[in-house]
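Notes to accompany the following structure.
The values are calculated or read from the model by the stated rules, or taken from the named source; none is laboratory data. Small disclaimer: the values here were computed from a predicted structure and weren't measured. Quick reminder, even Gly has a Cβ in these numbers, built from the backbone with ideal geometry, and neighbours come from all protein chains shown. For accessibility, only protein heavy atoms count, side chains too; no ligands or nucleic acids. Shrake-Rupley method; radii C 1.70, N 1.55, O 1.52, S 1.80 Å.
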Amino acid sequence: MTRMRARLLMLHVLVLTLLVVLATRLWQVQVVRGQEFVTRATETRTRAVIVPAVRGQILDSSGRPLVRNKTALVVSVDRTRLSRMKDAGAKVLGKLSEVLGTPVAQLQQRITPCGPGIGKPCWTGSPYQPVPLDEKVDTREALQILERQEEFPGVTAEIHSVRQYPGGRAGAQMLGYLQPVTEAELEKREGLKAAFSGVDLAGRDGLEYIYDEALRGKAGLRRVQVDRMGKALGVEEQVTPIPGDHLVTSIDSRVQTITEKALAKAMKSAPSADGGAGVVLDARTGRVVALASAPGYDPAIWGGGISARGYQWLLSEKSGKPLVSRAINGQFAPGSTFKVSSVSAMLRAGYPLNGTYGCPGSYAVGGRAFNNFRGIGLGTLTLHTALVKSCDTIFYRAAYEQYLKDGGRSPKKTPKEIFANMARSFGFGSPTGVDLPGESGGRIPDRAWKKNLWNATSAVNCERSRKGYPEVKDRARAEFLKRLALENCTEGFLLRPGDSANFSIGQGDVLVTPMQLARAYMALVSDGKVRSPRIGWAQVRPDGKVVRTIPVPVVGKLPLSEKERLYIKNALSQVAADGTAAGAFAGFPMNKVRVGGKTGTAEVWGKQDTSWFASFAPTKNPQYVVVVMVSQGGMGAQTAAPAVREIYEGIYGIKRPKAAVPGGRLTTRLPRFAPDGTVARG
């Protein structure tokens, strides 16, 4: 009995102890840490879902869409969730492959993060972001995934807004494209991570990149109550996303189409042509009316992830690198179109505006003969006629004389370098600042440039001067290159007499972009002010309210008087009617629309000439500046000038039933928007 009582007592003590421990624990949970656990319980019952905003459209000057949105069923995969599965999601991808009709290997490649040795298509976005695998699924395919979610964990099929390009390939490099937000961007860009929806895309080129923040808008937030299984019970809180602003541009989609077609036709007419560009500016405002580059590509290629083959095609030499805009990135010798800068330099150097100058067939510069085109002498000319007939020797002589005044091979301490500095006044040698990324600056080869180039290349040239070029099979060519290497090794830091002569006619080492040349002509034929061209015109909210207009900055002024500018402009006004472009404009109704301009034929070693025509119209009060360049297109009057003519014919409705721009007058007012955000017609 005593033993039994002892056991009962111990049992009572044990039970009481357990009750005390339980009571203490309950007191800690409910009283001491009660609020903490209530908060945690609340958190586990809600899920925060960031709702992406609808991206704004990119519109032309009349409100026509250049880039718009369309809804599409998009299948996406949470690669992080797949990676946590025992088979790394192989079973899920296998079933998904059957539904989408896409090989498993291709699906696997699309969700693999990009990195060294991993080719496209691969995933460039954040690891926290679902990877879109197909943007063109139909309802039947989507329902197969949604109705059998237990077989497709980590896979979603949702309606998303995707980009659509009504103009197809037109202006592809200018418009840009979208790609997933990267992890680096999330860390670098303030506020982006907090508003990251998981499906956001960012502008990667063109206008999509420059105006990315305005176009993207602000994501919304939805807090959803869920049960312990994650099933949605209801919406606890909702913040509506703010759609992105529309970007109204100064582009006229009709003129853009005409420019694209004229450039394509010009490329086709020159068998060796490997690239081209067309620029149309509003001469009165500095806004861009059309911007074309060839070869082009269809920006829809980026949708749903670009293939390895497609990506390589965009960057390959064989395809002509269609991703590169030759309008702002292509750097070419400008040929005689550059003479507007050289004649201006002559005026600043003291050569009389109304003087006369000899135009022999050849002129000796530093002991070497520099020839006129085909060695033809044109007698005694005014500067006016020198531009109309495109005499070279007048400019050779003036440039060489200024070279000698600066000290020649032994330059003065502060040489004036009038020709180079005038070119910079026109905006050559630096980016125009147009609202597009990655613009090239061209090149103005002055004495400082020569010295810097020698510092960078002298070691290679000196070695080549000793070893020669054994890999070059042509002996004469190899010997020439060896002599050139020796010359560059010993005195490559000097600006030579021939360098100054070549510079004066836009040859040698001088390089410009089509946009730079168009900007320079715009300043010359308008008010003398050098502007930084703009494509963006205004940011407009979806309800039609203008957020801001985008100004065109004035960044310089030509050092010419109004009388001097008018003199040069009047000379250029005769080129299409009675000068080097007369053949290309034969039969053009100059009495209706008089076109002025300058042809350019730039020699390129080992290739066909670069064809240029820089123009403006109407000559009396210019509305347009149009520049066309065709690489390996031959003479300026042969390829580029006919393309410019075709653009003007389209704008003014010459030989066509309808003018692209009625009366040739560009709109000066932003398009009107209805309260629902649509463009009001009429």
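Given the residues Trp612, Trp605, which is the only one that is free of Cβ contacts under 8 Å to residues at least 24 places away in the same chain and closer than 26 Å to Phe332 by Cα? Let's see the steps before the verdict.
Details: Trp612 fails: free of Cβ contacts under 8 Å to residues at least 24 places away in the same chain.
Exactly one of Trp612, Trp605 is free of Cβ contacts under 8 Å to residues at least 24 places away in the same chain and closer than 26 Å to Phe332 by Cα, namely Trp605.
Restricted to strands (runs of 3 or more DSSP E) entirely inside the stretch 533-641, those with at least 2 residues that are more than 30 Å from Arg55 (Cα to Cα) are 554-557, 596-602, 610-617, 624-631.
Each row is one residue, and each column tells you yes or no for (1) without any contact (Cβ under 8 Å) to a residue 24 or more places away in the chain; (2) of a type in the set (A, V, I, L, M, F, W, C); (3) open to solvent by 30 Å² or more (accessible area, probe 1.4 Å).
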{"site": "Pro470", "(1), (2), (3)": "yes, no, yes"}
{"site": "Glu487", "(1), (2), (3)": "yes, no, yes"}
{"site": "Lys529", "(1), (2), (3)": "no, no, yes"}
{"site": "Ile550", "(1), (2), (3)": "no, yes, no"}
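Filtering the stretch 489-509 to residues that are in contact (Cβ under 8 Å) with a residue 60 or more places away in the chain and not in a helix (DSSP H, G or I) leaves Leu494, Leu495, Arg496, Ile505, Gly506, Gln507, Gly508, Asp509.
With respect to (1) out of contact with any helix residue (DSSP H, G or I) (no Cβ under 9 Å at 6 or more places or on another chain); (2) among the hydroxyl-bearing types (Ser, Thr, Tyr); (3) buried (at least 24 other Cβ atoms within 10 Å of the Cβ), the lone exception for Ser325 is condition (1).
Name the single residue that is farthest from Gln507 (Cα to Cα) among those in the stretch 385-407 being in contact with a Leu (Cβ under 9 Å, 6 or more places away or on another chain) and open to solvent by less than 40 Å² (accessible area, probe 1.4 Å). I'd like the intermediate steps shown before the answer.
Within the stretch 385-407, the first condition is being in contact with a Leu (Cβ under 9 Å, 6 or more places away or on another chain), and the residues that meet it are 385-389, 391, 393-394, 403, 406.
After this cut, where a residue has to be open to solvent by less than 40 Å² (accessible area, probe 1.4 Å) as well, the list is 386-388, 391, 393-394, 403, 406.
Numbers: Ala386: 17, Leu387: 16, Val388: 19, Cys391: 14, Thr393: 13, Ile394: 15, Tyr403: 16, Asp406: 21 Å.
Ranking the candidates gives Asp406 first.
Looking only at the stretch 648-657, filter to residues that are out of contact with any Gly (no Cβ under 7 Å at 6 or more places or on another chain) and in a helix (DSSP H, G or I); which one of those is most open to solvent (accessible area, probe 1.4 Å)? Even if it seems obvious, please write down each step before you answer.
Going residue by residue through the stretch 648-657, those that are out of contact with any Gly (no Cβ under 7 Å at 6 or more places or on another chain) are 648-650, 653-655, 657.
With the extra rule that they be in a helix (DSSP H, G or I), the set shrinks to 648-650.
Values: Tyr648: 0, Glu649: 24, Gly650: 1 Å².
Across the stretch 648-657, the extreme among qualifying residues is Glu649.
I'd like to know if the stretch 502-514 contains one or more residues that are open to solvent by less than 10 Å² (accessible area, probe 1.4 Å), out of contact with any Gly (no Cβ under 6 Å at 6 or more places or on another chain) and farther than 30 Å from Val460 by Cα. Yes - at least one qualifying residue is present in the stretch 502-514.
Scanning the stretch 435-476 for residues that are within 30 Å of Leu247 (Cα to Cα) and not aliphatic (A, V, I, L, M) yields Asp435, Pro437, Gly438, Glu439, Ser440, Gly441, Gly442.
So which strands (runs of 3 or more DSSP E) are wholly in the stretch 160-258 and hold at least 3 residues that are under 19 Å from the mean Cα position of the chain (by Cα), closer than 23 Å to Ala300 by Cβ and modelled with pLDDT of 95 or more? So that I can check it myself, show each step before the final result.
Values: elements: 178-180, 201-203, 220-226, 232-239, 246-249.
Once the strands (runs of 3 or more DSSP E) in the stretch 160-258 are filtered for at least 3 residues that are under 19 Å from the mean Cα position of the chain (by Cα), closer than 23 Å to Ala300 by Cβ and modelled with pLDDT of 95 or more, what remains is 246-249.
Taking the stretch 425-477 as the range and being more than 26 Å from the chain's Cα centre (by Cα) and part of a loop (DSSP other than H, G, I, E, B) as the test, the residues that pass are Asp446, Gly468, Tyr469, Pro470, Glu471, Val472, Lys473, Asp474. Among the numbered conditions (1) in contact with a Lys or Arg (Cβ under 8 Å, 6 or more places away or on another chain); (2) without any contact (Cβ under 8 Å) to a residue 60 or more places away in the chain; (3) of a type in the set (Lys, Arg), the only one that Arg409 does not meet is (2). Within the bounds of the stretch 471-486, is there any residue that is at pLDDT 95 or above and farther than 30 Å from Asp212 by Cβ? No.
Restricted to the stretch 565-605, and to residues that are of a type in the set (A, V, I, L, M) and under 17 Å from Ala283 (Cβ atoms), which residue is surrounded by the fewest Cβ atoms within 10 Å (Cβ to Cβ)?
Within the stretch 565-605, the match that is surrounded by the fewest Cβ atoms within 10 Å (Cβ to Cβ) is Leu566.
Contact map, the stretch 324-345: residues that are over 30 Å from Arg169 (Cβ atoms) paired with residues that are part of a loop (DSSP other than H, G, I, E, B) and aliphatic (A, V, I, L, M), Cβ distance under 9 Å, separation 6+ or inter-chain. Pairs shown: Ser336/Ile505; Phe338/Ile505; Phe338/Val510; Lys339/Ile505; Ser342/Ile505; Ser344/Leu558; Ser344/Leu560. Residue count for the stretch 59-106 under the criterion of being hydrophobic (A, V, I, L, M, F, W, C), assigned to a loop (DSSP other than H, G, I, E, B) and in contact with a Phe, Trp or Tyr (Cβ under 8 Å, 6 or more places away or on another chain): the result is 0.
Looking at Ser410, Ser425, which one is more than 30 Å from Gly579 (Cβ to Cβ), open to solvent by 20 Å² or more (accessible area, probe 1.4 Å) and either touching a His at 6+ places or on another chain (Cβ under 8 Å) or polar (S, T, N, Q) (or both)?
Every option except Ser410 fails the conditions.
Quick one: would you say Thr259 is among the hydroxyl-bearing types (Ser, Thr, Tyr), farther than 30 Å from Cys114 by Cα and open to solvent by less than 40 Å² (accessible area, probe 1.4 Å)? Walk me through how you get there before you give the answer.
Values: among the hydroxyl-bearing types (Ser, Thr, Tyr): yes; farther than 30 Å from Cys114 by Cα: yes; open to solvent by less than 40 Å² (accessible area, probe 1.4 Å): yes.
When the stated conditions are applied, Thr259 passes them.
Scanning the stretch 401-416 for residues that are charged (D, E, K, R) and either closer than 12 Å to Pro497 by Cβ or in contact with a strand residue (DSSP E or B) (Cβ under 7 Å, 6 or more places away or on another chain) (or both) yields Glu401, Asp406, Arg409. Scanning the stretch 368-384 for residues that are in contact (Cβ under 8 Å) with a residue 12 or more places away in the chain and farther than 20 Å from Met635 by Cα turns up Arg368, Gly379, Thr380, Leu381, Thr382, Leu383, His384.
For the stretch 304-322, the set of residues classified as part of a loop (DSSP other than H, G, I, E, B) and either free of Cβ contacts under 8 Å to residues at least 60 places away in the same chain or crowded, with 20+ Cβ neighbours inside 10 Å (or both) consists of Gly305, Ser316, Glu317, Lys318, Ser319, Gly320, Lys321, Pro322, listed by residue number.
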